[in-house]
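Input: a single structure, listed below in structure tokens.
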């Protein structure tokens, strides 16, 4: 009999998280224990039922706002039992926000930074500490290519993802000599999700299922930072290489 495999999904109702969770169920079936966390009770209840129907062994769901910094410690203790070994965790929540609104609203600007960077960093640290205590565990964190260079169209969101990139790189460095514990950072480009439903789609856009496949392969190969899909590495290399005096003439 296959041993139980437990995965925590933070932002369990995001499109990428759903696609990845379905892949896990296909791989582990009834041996998979799922802990899905999000702030939308209706979505979580629907996902809970869906994942059970697809054959997951045990599904637990927790409704909470992952971005509330003052509640992270207590929420973590409620979600993660010391009696259960967590094999894997995925952090897949975030907001795109409105850059124009953030220009004129300190509250909106702060919310974007807290949701997309500060809270994700805090949860990442909590989970990594747990994995070190367990002497095993893998963490995947969803970032964005937007963090590679500040641009006028989305520099608030981009700076949050850029800060998260640096933080996760530091976590990776901190466990470089720790066996059985790993962290990777997934940097998607354009993904066709409910968060981007109003955007005009083009050839560079991919599905959440494609990103889920990339996350799986990155975990298996213990990659550190992965552009999703791969061609974004070269696109962003070009964007980062454009001299500032030229870049400032663009409308990116």
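No value in this document is a laboratory result; all are computed from the given coordinates. From a predicted model like this one, the values you see are computed outputs, not experimental measurements. All Cβ positions, even for glycine, are placed from backbone atoms using ideal geometry, and neighbour counts span all protein chains on display.
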Open item on the list: Can you find a residue that is touching a residue at least 24 places away in the same chain (Cβ under 8 Å), assigned to a helix (DSSP H, G or I), over 29 Å from residue 110 (Cα atoms) and in contact with a strand residue (DSSP E or B) (Cβ under 8 Å, 6 or more places away or on another chain) anywhere in the stretch 201-214?
Closed with: yes
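Could we say that residue 166 is without any contact (Cβ under 8 Å) to a residue 12 or more places away in the chain and either over 17 Å from residue 252 (Cβ atoms) or exposed (fewer than 14 other Cβ atoms within 10 Å of the Cβ) (or both) here?
On the way: without any contact (Cβ under 8 Å) to a residue 12 or more places away in the chain: yes; either over 17 Å from residue 252 (Cβ atoms) or exposed (fewer than 14 other Cβ atoms within 10 Å of the Cβ) (or both): yes.
Judged against the criteria, residue 166 is a match.
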Among helices (runs of 4 or more DSSP H) entirely within the stretch 1-85, at least 1 residues that are touching a residue at least 24 places away in the same chain (Cβ under 8 Å), out of contact with any helix residue (DSSP H, G or I) (no Cβ under 9 Å at 6 or more places or on another chain) and within 21 Å of residue 121 (Cα to Cα) occur in 72-79
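Taking the stated definitions as given, is residue 108 more than 22 Å from residue 168 (Cα to Cα), over 17 Å from the mean Cα position of the chain (by Cα), surrounded by 16 or more Cβ atoms within 10 Å (Cβ to Cβ) and without any contact (Cβ under 8 Å) to a residue 12 or more places away in the chain?
Values: more than 22 Å from residue 168 (Cα to Cα): yes; over 17 Å from the mean Cα position of the chain (by Cα): yes; surrounded by 16 or more Cβ atoms within 10 Å (Cβ to Cβ): yes; without any contact (Cβ under 8 Å) to a residue 12 or more places away in the chain: yes.
The answer is yes for residue 108.
Check the stretch 90-99 and report whether any residue there is in a helix (DSSP H, G or I), in contact (Cβ under 8 Å) with a residue 12 or more places away in the chain and either out of contact with any helix residue (DSSP H, G or I) (no Cβ under 9 Å at 6 or more places or on another chain) or on the phi > 0 side of the Ramachandran plot (or both). So that I can check it myself, show each step before the final result.
Narrowing the stretch 90-99 to residues in a helix (DSSP H, G or I): 99.
Keeping just the survivors that are in contact (Cβ under 8 Å) with a residue 12 or more places away in the chain gives 99.
The next check asks that each one be either out of contact with any helix residue (DSSP H, G or I) (no Cβ under 9 Å at 6 or more places or on another chain) or on the phi > 0 side of the Ramachandran plot (or both); those that pass are none.
Looking for residues that are in a helix (DSSP H, G or I), in contact (Cβ under 8 Å) with a residue 12 or more places away in the chain and either out of contact with any helix residue (DSSP H, G or I) (no Cβ under 9 Å at 6 or more places or on another chain) or on the phi > 0 side of the Ramachandran plot (or both), one finds none in the stretch 90-99, hence no.
Suppose we keep only residues that are part of a loop (DSSP other than H, G, I, E, B) and touching a residue at least 24 places away in the same chain (Cβ under 8 Å) within the stretch 232-252. Which one would you say is nearest to residue 209 (Cα to Cα)? Walk me through how you get there before you give the answer.
Our first condition is that a residue be part of a loop (DSSP other than H, G, I, E, B); within the stretch 232-252, this holds for 242-243, 248-252.
Those still in the list that are touching a residue at least 24 places away in the same chain (Cβ under 8 Å) too: 251-252.
Details: 251: 31, 252: 27 Å.
Top of the filtered list is 252.
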>> Checking the structure you have, find out if any residue of the stretch 126-134 is in a loop (DSSP other than H, G, I, E, B) and loosely packed, with under 14 Cβ neighbours inside 10 Å.
In response: no
Reported set for the stretch 64-95 where residues are surrounded by fewer than 17 Cβ atoms within 10 Å (Cβ to Cβ) and closer than 22 Å to residue 208 by Cβ is 95
